[in-house]
Amino acid sequence: LIKDIERDINENKPEAAMDHLHTYCINKITHLLKIRGIECDKDEPLHSRFGKYRKELVKEIRLTDFTDRALKMAISLFESYNTIRNDHSFAHDNPILTHSEARYVFETISALLIFLRSIESVRYDP
């Protein structure tokens, strides 16, 4: 999955990475919940999972107002990302995002994942 995402980005095809990046996010957020003993329903959407994760994170570490607000906004971003995955990616027969918009979505989601990796250092990778 990661190799597919890297290949698409290295080939400057962020629109091709949208579906795989969504799957990666689902897997990563689910992992971060499971190590905390929190289960997810199979059909639970990404934004719901991330909302649960944010709630637990706030209990564990002191976040600045800015960071907490950004994580709250990320819930809405992930909800929109569900729509992108379902309606604007190669996951289904869809009109695909433009190259510029796909690059922006990819970089926005990646920035969030990079932040999570930095605060979760030991727990991020299974």
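The values are calculated or read from the model by the stated rules, or taken from the named source; none is laboratory data. All values reported here derive from a predicted model rather than from experimental measurement. Quick reminder, even Gly has a Cβ in these numbers, built from the backbone with ideal geometry, and neighbours come from all protein chains shown. The protein model used for the area step is the full one, side chains on, heavy atoms only, and it has no ligands, DNA or RNA in it. Shrake-Rupley method; radii C 1.70, N 1.55, O 1.52, S 1.80 Å.
For the stretch 1-14, what are the residues that are open to solvent by less than 40 Å² (accessible area, probe 1.4 Å), over 15 Å from the mean Cα position of the chain (by Cα) and free of Cβ contacts under 8 Å to residues at least 60 places away in the same chain?
Residue satisfying the conditions is Asp8 alone.
Among residues of the stretch 38-64 that are within 11 Å of Glu79 (Cα to Cα), those with a Cβ under 6 angstrom from a residue that is assigned to a loop (DSSP other than H, G, I, E, B) and open to solvent by less than 50 Å² (accessible area, probe 1.4 Å), sequence gap 6+ or separate chain, pair up as Arg49/Cys40.
Report the residue count in the stretch 15-31 for those that are within 17 Å of Arg54 (Cα to Cα) and open to solvent by 30 Å² or more (accessible area, probe 1.4 Å).
So the count comes out to 3.
The combined condition, being open to solvent by 30 Å² or more (accessible area, probe 1.4 Å), closer than 17 Å to Ile9 by Cα and either acidic (Asp, Glu) or assigned to a helix (DSSP H, G or I) (or both), is fulfilled by Thr108. Here is the figure for the stretch 68-105: residues that are aliphatic (A, V, I, L, M) and outside any helix (DSSP H, G or I) total 3. Count of the stretch 32-44 residues, restricted to those that are part of a helix (DSSP H, G or I) and open to solvent by 40 Å² or more (accessible area, probe 1.4 Å), is 1.
When the stretch 45-67 is limited to residues that are among the β-branched types (Val, Ile, Thr) and part of a loop (DSSP other than H, G, I, E, B), the one that is farthest from Ile2 (Cα to Cα) turns out to be Thr64.
State whether one or more residues within the stretch 45-58 are under 13 Å from the mean Cα position of the chain (by Cα) and exposed (fewer than 12 other Cβ atoms within 10 Å of the Cβ). No, because not a single residue in the stretch 45-58 is under 13 Å from the mean Cα position of the chain (by Cα) and exposed (fewer than 12 other Cβ atoms within 10 Å of the Cβ).
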